[in-house]
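Presented below is the structure to which this report refers.
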Amino acid sequence: MNALKKLMFAVAGFGLMASGQVAMAQETPTAAPAGVHLVEAAAVQALQAKGALVVDTRRASEYAEGTIKGAINAPYDPEKSAKDAAFDPAQDKFDLSKFTDKNKDIVTFCNSGACWKSYKAAVVLAKNGFKNVHWYRNGFPDWKSKKLPSE
């Protein structure tokens, strides 16, 4: 009986480890995708001061609860494609009509490294010929933790 209990605990432990690995695989890449610049909060502030368009890619309800001061909402929703760097943007919805100047600096953000919306939006913008795309991977939680201007 003791051996059976040990086996059951070992199997349960392995299952927990495997599920942890799946959760880690859900994190966005730590490097920016092709055609996109990875930025931190200070760079977002500097870009915004120079006229960059800061884009909150979260749902409208999340945007309404709080966002970076001056950010516009362009939800990457519904997000049906895989949470993977090789995602298929054709499965998703992202309205590019809010972006008219392909030379303007654009910063995308969402809810940190576990949120794929800003990563995917940045990829879609870059693939559609936008030349100055920036991705704020740490997103709104990082911005709030630094007590930077929000609305």
(message) Residue pairs, Cβ under 9 Å, 6 or more apart or interchain, first in the stretch 34-47 and exposed (fewer than 15 other Cβ atoms within 10 Å of the Cβ), second among the aromatic types (Phe, Trp, Tyr) and at pLDDT 95 or above. List them.
(response) 40/136
(message) Here are the criteria: (1) in a loop (DSSP other than H, G, I, E, B); (2) at pLDDT 95 or above; (3) not aromatic (Phe, Trp, Tyr). Tell me which single one residue 115 does not satisfy.
(response) (2)
(request) Please work out which residue is surrounded by the most Cβ atoms within 10 Å (Cβ to Cβ), limiting yourself to the stretch 71-108 and to residues that are within 19 Å of residue 44 (Cβ to Cβ) and basic (Lys, Arg). (result) 104
(request) Being in a helix (DSSP H, G or I) and out of contact with any Cys (no Cβ under 9 Å at 6 or more places or on another chain) narrows it down to one of 121, 90, 86, so name that one. (result) 90
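The values are calculated or read from the model by the stated rules, or taken from the named source; none is laboratory data. Computed from a prediction, not measured in an experiment: that's the story for all the values here. Positions of Cβ are generated from backbone atoms using ideal geometry, with glycine treated the same way; all protein chains shown enter the neighbour counts.
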